[in-house]
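Following: one structure in structure tokens, then a few remarks.
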Amino acid sequence: MEQIKKFLRSRGFTLALLACLVAAAAAGVWAVRTVRDELKKSYDDLTTPQEEPAPEPQLTLDPQEDDVWQQPVTDAAESAANVPKPASSASSSGAQSGSGLVHEPSALQGASSPASSSAAPASTQPVSGRILNAYSGDELVYSSTLGDWRTHNGVDYACAQDAQVCAPAAGKVTAVDTDGRWGSVVCIEDSAGHLWRVCGTADPTVQTGDEVSVGQILGRAGSIPNECAEETHIHLEVLQGEQYLDPAKLLN
């Protein structure tokens, strides 16, 4: 009995050992295969050419589209050549609005037409004599009649005694008065609102409300109490509202 047990024990040990060897062999075969497969894959990766990634698309502009964004360079001489030529003064003088002609500033702002040059003057001296005393503005001048220094608010035009006195401007007679300082005074308001005072006009031939033209006879040269020490003359004043103006600058 003991021998049988020893035999079975010895056979069991042998079988266990054999099983271990078989398992170890199988594990070794599996490990070898795994290593072989990994080596083969690594070799294949090294020997097989890799596909290069496709290049990213680049944004390109169509040449026709580039023309839209590029400012064309134009030669200065060529640009000047493309400017419409101004029409001559002969053709532009009678051109109507909207005709498309380009006019030079001189043609639009030139001298007045022949018709206006032949028109009557807008103003004239009340008498044809020389200037005896000029307008002084704010400057004080000596008065030989009054013996003091004061402003001279008008222009004195020398003339002969009883010389004809003319209307210096066209307009409406607003007053014909006798003033203690300036003698007989004829006042005329023109279309621009200027009030012309012709002082020293004796024997006036017009009256308040009359319409007078430039150069129309108003009377004759008389005396001016405020300036009686001077030679015979007509004292002319111009007012715009309450402001005195220089008559010489308004006369043509």
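Please specify each residue of the range 118-142 satisfying the condition of being open to solvent by less than 70 Å² (accessible area, probe 1.4 Å), within 18 Å of C228 (Cα to Cα) and at pLDDT 95 or above. Within the range 118-142, V127, L132, N133, A134, Y135, V141 meet the criteria.
With respect to the conditions (1) of a type outside the set (F, W, Y); (2) out of contact with any strand residue (DSSP E or B) (no Cβ under 7 Å at 6 or more places or on another chain); (3) touching a residue at least 40 places away in the same chain (Cβ under 8 Å), Q243 falls short on a single one, namely (3). Only one of the numbered conditions (1) over 15 Å from P126 (Cα atoms); (2) of a type in the set (D, E); (3) at pLDDT 95 or above is not met by D162, and that is (1). Taking the criterion of being in a loop (DSSP other than H, G, I, E, B) and more than 42 Å from the chain's Cα centre (by Cα), the residues of the range 134-157 that qualify are L140, S144, T145, L146, G147, T151, H152.
Taken over the range 158-204, residues that are under 50 Å from the mean Cα position of the chain (by Cα) and either not polar (S, T, N, Q) or not in a strand (DSSP E or B) (or both) amount to 27. Looking at the range 205-252, the strands (runs of 3 or more DSSP E) lying wholly inside it that each contain 1 or more residues that are small (G, A, S) sit at 217-221.
Pairs meeting the criteria (first residue in the range 167-185 and free of Cβ contacts under 8 Å to residues at least 24 places away in the same chain, second residue surrounded by 14 or more Cβ atoms within 10 Å (Cβ to Cβ) and among the β-branched types (V, I, T), beta carbons under 8 Å, at least 6 apart or on different chains) are D177/V185; T178/V185; D179/V185; V185/V176; V185/V198; V185/T201. Taken over the range 172-195, the criterion of being of a type outside the set (A, V, I, L, M, F, W, C) and open to solvent by less than 50 Å² (accessible area, probe 1.4 Å) is satisfied by D179, G183, S184, D190, G193, H194.
The values are calculated or read from the model by the stated rules, or taken from the named source; none is laboratory data. Just so we're clear, the structure is a prediction, and the values are computed from it rather than from any experiment. Positions of Cβ are backbone-derived with ideal geometry, glycine not excepted, and every protein chain shown enters the neighbour counts. Areas reflect the complete protein model, heavy atoms only, side chains present, ligands, DNA and RNA absent. Shrake-Rupley method; radii C 1.70, N 1.55, O 1.52, S 1.80 Å.
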